[in-house]
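What follows is calculated from the coordinates using simple rules that are stated; it is not laboratory data. This one's a predicted model, so the numbers in the text were calculated from it and none came from an experiment. Reconstructed Cβ throughout: ideal geometry from the backbone, glycine too, with neighbour counts over all protein chains shown.
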């Protein structure tokens, strides 16, 4: 009789944990669950001489530097020229205009535009 009680106890204990087994052994891929987790965009302390100039050279120089093959007539070759466009609001307005984007090939990545906006908000400093 004692053997039957022990066996019954073991079966009850095992039976109570059985429903937990399917959820205990599974693999969840973080990308499938949450999508891509891109590197966060750092907009703190934007410097004209580092981040901003590099962005302009990569995206704007072919049309906004006098003497360039596709020169647009709107110079953005120097800090003073960029600062003037930044302070009158045209710079941020143009880089965020999806109807007529700058550069014409399409809007710059969100992070680059956020960095330019942060630089403008900080006073478009020549740093």
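List of remarks:
- Cα shape, the stretch 49-121, gyration tensor, a/c 1.5 rule: rounded
- Among 110-119, 50-59, 87-96, the peptide with the highest mean count of other Cβ atoms within 10 Å heads the list, and the full ranking is 110-119, 50-59, 87-96.
- By the count of other C-beta atoms within 10 Å, a proxy for reagent exposure, 60, 41 are ordered fewest to most as 41, 60.
- Comparing Cα centroids, the stretch 90-127 and the stretch 59-83 end up 15 angstrom apart.
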